[in-house]
Amino acid sequence: MIPDRIPITASRRTAGARARRQTRGGTVKPDNIASIRQPGRDTELAPLGIPAIVVGIGMLVACLATLPRLHSWIESYGSMVSVAFVVLVVLAAGFCRWGWIVARSPK
């Protein structure tokens, strides 16, 4: 016998399991993942686009300014300095990219 109505707890459990199964293949993203391309999010974050680009460019300029000293710092303090430098460059590029996407999003 099939019930006419499914209890709320069972439907939530089924929906959660369905969402987990669908995301394993990488085809469907759950709704709770924050994305800058969600409707309404772009208008809220748009004022932060230009400052993010400026901060990212400032970080990249700082990386270029410290590049001549990097070799001596690696000799003095070890190879973790190079890892930190790469992380800094990636973060700076990420700021620039994110700011560019948000600033150019349709309003």
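The values are calculated or read from the model by the stated rules, or taken from the named source; none is laboratory data. Everything numeric here is computed off the predicted structure, so don't read it as measured data. All Cβ positions, glycine included, derive from the backbone under ideal geometry; neighbour counts span all protein chains shown.
Things to note:
- Whichever residue in segment 72-107 is in a helix (DSSP H, G or I) and of a type in the set (S, T, Y) and, among such residues, is surrounded by the most Cβ atoms within 10 Å (Cβ to Cβ): S82
- Pairs, first modelled with pLDDT under 75 and part of a helix (DSSP H, G or I) in segment 37-51, second surrounded by 13 or more Cβ atoms within 10 Å (Cβ to Cβ) and of a type in the set (K, R), C-beta under 6 Å, six or more apart: none
- Just one of (1) exposed (fewer than 13 other Cβ atoms within 10 Å of the Cβ); (2) at pLDDT 55 or above; (3) assigned to a helix (DSSP H, G or I) fails for I6. It is (3).
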